[in-house]
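Peer 1: This is the structure, below, for whatever I ask next.
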Amino acid sequence: QVQLVESGGGLVQAGGSLRLSCAASGRTFSSDVMGWFRQAPGKEREFVAAITWSGGTTVYSDSVKGRFTISRGNARKTVLLQMNSLKPEDTAVYYCAARPYTILRNASEYAYWGQGTQVTVSS
């Protein structure tokens, strides 16, 4: 089992920044992929970004590319999501997720999930 705990959400004005953190524990491997997804009220959960633990390969959705940065944190098994130039449409619950080997964009391909953290961007 893998446990994931997110932190760092909050309320910010449009154009502002937030940094989310995800701490992984339990049965984790260097071959794992860590991803961030988000879900706004009444919408499906959507892919935001993902990174491989081993090589640091990153993938972003078009909607956040150039504004968000996913990276491995200094603490062991921590993944960060730096969100800059935030827009009201970025408002959602943000989830950290994990799966083995390959970065995929479909939420159903991820077996492990955190509890989510709310990000609200006011206009």
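The values are calculated or read from the model by the stated rules, or taken from the named source; none is laboratory data. No experiment lies behind these values; they were computed from the predicted model shown. For neighbour counting, all protein chains shown are included, and Cβ atoms are generated from backbone atoms with ideal geometry for every residue, glycine included. Surface accessibility is based on the protein's heavy atoms, side chains included, excluding ligands, DNA and RNA. Shrake-Rupley method; radii C 1.70, N 1.55, O 1.52, S 1.80 Å.
Peer 1: For the charge dipole of the chain, defined by +1 on Lys and Arg C-beta atoms and -1 on Asp and Glu C-beta atoms about the Cα centroid, which residue among Ser30, Asn106, Gly15 has the Cα displaced farthest towards the positive pole?
Peer 2: Value computed over the given set: Ser30.
Peer 1: Right, here's the next one. Rounded to a whole number, what % of the accessible area of the chain do carbon and sulfur atoms account for, probe 1.4 Å?
Peer 2: Ligands and nucleic acids excluded, carbon and sulfur give 47 percent.
Peer 1: Then there is this: Charges at C-beta only: +1 for Lys and Arg, -1 for Asp and Glu. How large is the resulting dipole of the chain about its Cα centre, in Debye rounded to 20?
Peer 2: Working: 13 positive and 8 negative charges, 52 e Å.
That gives a dipole near 240 debye.
Peer 1: Test of the criteria: in the stretch 35-120, which GluC sites (Glu not before Pro) are in a DSSP loop and have at most 15 other Cβ atoms within 10 angstrom of their Cβ?
Peer 2: Values: sites: Glu44, Glu46, Glu89, Glu109; in loops: Glu44.
Answer by residue number: Glu44.
Peer 1: Taking the Cβ of Gln3 as the centre, find all other residues whose Cβ is under 15 Å away and add up their charges (Lys, Arg: +1; Asp, Glu: -1).
Peer 2: Counting the neighbours of Gln3, the net charge comes to +2.
Peer 1: Would you mind getting the accessible area per residue of the chain, heavy atoms of the protein chains only, 1.4 Å probe, in Å²?
Peer 2: The answer is 51 Å² per residue.
Peer 1: Taking θ as phi - 60°, what are the ³J(HN,Hα) couplings along the stretch 79-90 by the Karplus curve (6.51, -1.76, 1.60), each to the nearest whole Hz, with x for Gly and Pro?
Peer 2: Karplus values, whole Hz, x for Gly and Pro: 10, 10, 10, 8, 10, 10, 6, 5, 10, x, 6, 7.
Peer 1: Along the charge dipole of the chain, pointing to its positive end and built from +1/-1 on Cβ of Lys, Arg, Asp and Glu, which listed residue (Ser123, Val2, Val93) has its Cα farthest out?
Peer 2: Checking the options against the dipole of the chain, the answer is Val2.
Peer 1: Here's something else I'd like to know. DSSP loop (so not H, G, I, E, B), at most 16 other Cβ within 10 Å: list which trypsin sites (Lys or Arg not before Pro) in the stretch 29-78 pass both filters.
Peer 2: The qualifying sites are Lys43, Arg67, Arg76.
Peer 1: Given Cβ point charges of +1 (Lys, Arg) and -1 (Asp, Glu) and nothing else, what value in debye, to the nearest 20, does the dipole of the stretch 42-109 about its Cα centre take?
Peer 2: So the dipole magnitude of the stretch 42-109 works out to roughly 260 debye.
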